[in-house]
Amino acid sequence: MKPIVALVGRPNVGKSTLFNRLAGERLAIVDDTPGTTRDRIVAEGEWNGRPFDVVDTGGIDPTHGGKTPLSVDSADFIPEIRAQALMAVHDADAVLFLTDGTAGVTSPDREVAEILRRYQKTVDGQSWPPIFVVVNKCENAKQRSAASEFYELGLGDPYPLSAIHGTGTGDLLDALVDSFPTQASTEEDDSIKIAIAGKPNAGKSSLLNKLVGEERAIVSPIPGTTRDSIDTHLVVEGLPVTLIDTAGIRRRGKIERGVEKYSVMRSFKAIERADVVLLIIDAAEGITSQDTHIAGFILDAWKSTVVLVNKWDTIPKDSQTMEDYTLHIRRELNFMDYVPMLFISALTGQRLDQVLPTALRVQEERMARITTAMLNRVLRDAQDAHPAPSHAGRQLKIYYGSQVRVDPPTFILHVNDTKLFHFSYRRYLENKFREAYGFIGTPIKIIAKGHRDEKE
């Protein structure tokens with residue numbers, strides 16, 4: 001699993017700029033998949049051959065659409081910033097504490113530093129996770145020299161840099177990747193890994209207990225009761241299965257309300273480990289922006305999914321209720337229209353007997369393989385029914401295709417020019433693949449390869 005690096009800091013210090021810089025400037029604000037407008041708050045970075053995931057903890061505040069108003073003084077957001085800091089130090093493998101070199105050390109900076117120091121653990125005599133004080137907006141030598149005042153925070157050497165220009169980032173990244181733990185070899189585990197993910201208090205632990213048949217996880221009506229991921233091993237339909245329960249963070253001390261909003265890192269870790277993710281949505285609250293964020297993580301990680309609408313017993317119903325809920329959730333999760341959906345109650349046990357069989361069916365679809373002859377028959381029929389649109393007088397030609405891997409199903413299509421392979425036609429072909437062969441609940445990768453690519 002790749003290390004997770006969390007960006008923490010008050011508003012307007014340049015977190016988003018550094019986030020994009022660490023992602024290699026390949027990151028768009030919104031996803032380019034048709035019909036989606038998901039904010040991206042997790043991206044993959046790499047330095048000296050070491051990949052890592054960077055999380056912008058400030059990017060998931062639903063009350064501000066993921067952005068803090070520029071006109072609001074950052075002191076008003078001290079509770080929010082402290083919540084970010086606590087979540088980061090609890091779950092990240094490294095923390096980049098971003099500050100503004102042009103403003104000097106501020107009261108919110110001191111608040112964050114206090115939180116980070118208080119909740120660091122000691123592992124083998126070292127403070128964990130490592131924390132790097134990043135002094136941004138140091139555009140010249142004078143500003144870089146003035147960054148020494150950030151020693152006052154008591155978190156070690158400050159790293160002056162300019163996120164917008166990239167100067168100074170190399171020194172920071174060298175130190176960052178050196179702090180990552182050595183990747184230890186692990187025993188091979190052939191079990192099917194099913195993660196239970198969702199926002200706090202959606203019913204994840206209750207579902208786990210019902211599926212396992214015992215009180216494996218503490219159940220509480222307080223959001224964020226479970227602090228750590230819990231693995232449970234069992235056998236389902238003769239197959240070894242590992243259930244991974246994840247949850248928000250338990251509030252500690254006097255940390256303000258809102259900590260659970262930043263509980264994405266633990267869910268992200270579990271999603272990375274899983275084959276299939278059970279995404280739980282609270283029927284009483286309906287689908288929220290945090291649900292779509294977690295769904296976005298699942299899609300970005302190319303994991304298979306079953307959507308579980310929990311607490312269905314609490315909803316007043318008529319003959320149209322389930323259909324209305326389905327249409328609404330499908331509309332909000334339009335980038336995952338291929339996933340099965342179950343309306344359950346972890347409290348009463350309603351439809352719980354369908355959960356694991358559905359997850360296993362989705363896993364089977366994830367491992368499905370199509371012969372080259374069958375695949376090319378679908379491609380021919382699809383092009384006959386709807387030829388690819390032309391661009392600048394040229395038309396896309398698909399010569400042939402092949403499936404190159406499973407987990408998830410991945411297809412390479414050999415074409416005359418990859419630039420002509422528009423995303424709308426990619427989506428059309430994906431739908432044709434699903435019509436012919438299912439792939440229920442699992443994402444499909446379609447990669448176009450041109451003649452020039454083959455020569456290279």
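The values are calculated or read from the model by the stated rules, or taken from the named source; none is laboratory data. As the structure is a prediction and not an experimental result, all values here were calculated from the model. As a convention, Cβ positions derive from the backbone with ideal geometry for all residues, glycine included, and neighbour counts pool all protein chains shown. Just the protein is used for accessible areas: all its heavy atoms, side chains included, with ligands, DNA and RNA removed. Shrake-Rupley method; radii C 1.70, N 1.55, O 1.52, S 1.80 Å.
Remarks
- Of residues in the range 295-332 being free of Cβ contacts under 8 Å to residues at least 24 places away in the same chain and within 18 Å of residue 443 (Cα to Cα), the one least open to solvent (accessible area, probe 1.4 Å): 330
- Test: residue in the range 343-358 that is touching a Lys or Arg at 6+ places or on another chain (Cβ under 9 Å) and either open to solvent by 60 Å² or more (accessible area, probe 1.4 Å) or without any contact (Cβ under 8 Å) to a residue 60 or more places away in the chain (or both): yes
- Against the conditions (1) touching a strand residue (DSSP E or B) at 6+ places or on another chain (Cβ under 8 Å); (2) open to solvent by less than 30 Å² (accessible area, probe 1.4 Å), residue 404 satisfies every one except (2).
- Comparison of 118, 144 shows that the only residue that is surrounded by 14 or more Cβ atoms within 10 Å (Cβ to Cβ), basic (Lys, Arg) and either out of contact with any Ser or Thr (no Cβ under 6 Å at 6 or more places or on another chain) or under 19 Å from residue 4 (Cα atoms) (or both) is 144.
- Evaluation of residue 287 against (1) modelled with pLDDT under 85; (2) closer than 30 Å to residue 365 by Cβ; (3) assigned to a loop (DSSP other than H, G, I, E, B) (one fails), failing number: (1)
- Within the range 420-435, being open to solvent by 60 Å² or more (accessible area, probe 1.4 Å) and among the hydrophobic types (A, V, I, L, M, F, W, C) holds for one residue alone: 423.
- Among the residues of the range 147-178, those identified as crowded, with 16+ Cβ neighbours inside 10 Å and more than 25 Å from the chain's Cα centre (by Cα) are 147, 150, 153, 155, 158, 159, 160, 161, 162, 168.
- Taking the conditions (1) under 23 Å from the mean Cα position of the chain (by Cα); (2) modelled with pLDDT of 90 or more; (3) under 30 Å from residue 98 (Cα atoms) in turn, residue 181 satisfies each one other than (2).
- When the residues of the range 437-454 are filtered to those that are part of a helix (DSSP H, G or I) and more than 15 Å from residue 379 (Cα to Cα), the one that is modelled with the highest pLDDT is 451.
- Within the range 388-410, tally of residues that are in a strand (DSSP E or B), under 21 Å from residue 374 (Cβ atoms) and of a type outside the set (D, E, K, R): 8
Quick grid of which residues meet (1) at pLDDT 70 or above; (2) open to solvent by less than 20 Å² (accessible area, probe 1.4 Å):
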| position | (1), (2) |
| --- | --- |
| 2 | yes, no |
| 6 | yes, yes |
| 14 | yes, yes |
| 51 | yes, no |
| 60 | no, yes |
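- Restricting attention to the range 1-21, the residues that are farther than 21 Å from residue 109 by Cβ and among the hydrophobic types (A, V, I, L, M, F, W, C) total 2.
- Subset of the range 439-455 [under 26 Å from residue 276 (Cβ atoms) and open to solvent by 20 Å² or more (accessible area, probe 1.4 Å)]: 440, 445, 447
- Enumeration of residues in the range 415-441 that are touching a helix residue (DSSP H, G or I) at 6+ places or on another chain (Cβ under 9 Å) and closer than 16 Å to residue 369 by Cβ: 433, 436, 437, 438, 439, 440
- Among residues of the range 147-168 that are of a type in the set (Ser, Thr, Tyr), those with a Cβ under 7 angstrom from a residue that is open to solvent by 70 Å² or more (accessible area, probe 1.4 Å), sequence gap 6+ or separate chain, pair up as 159/171; 162/139.
- Qualifying residue in the range 319-327 (condition: closer than 27 Å to residue 300 by Cα and acidic (Asp, Glu)): no
- Selected residue (only one of 366, 434, 351 is basic (Lys, Arg), at pLDDT 90 or above and in contact with an Asp or Glu (Cβ under 7 Å, 6 or more places away or on another chain)): 366
- The combined condition, being open to solvent by 40 Å² or more (accessible area, probe 1.4 Å), at pLDDT below 90, part of a loop (DSSP other than H, G, I, E, B) and not β-branched (Val, Ile, Thr), is fulfilled by residue 256.
- Looking only at the range 411-431, and only at residues there that are in a helix (DSSP H, G or I) and touching a Leu at 6+ places or on another chain (Cβ under 8 Å), the one that is modelled with the lowest pLDDT: 420
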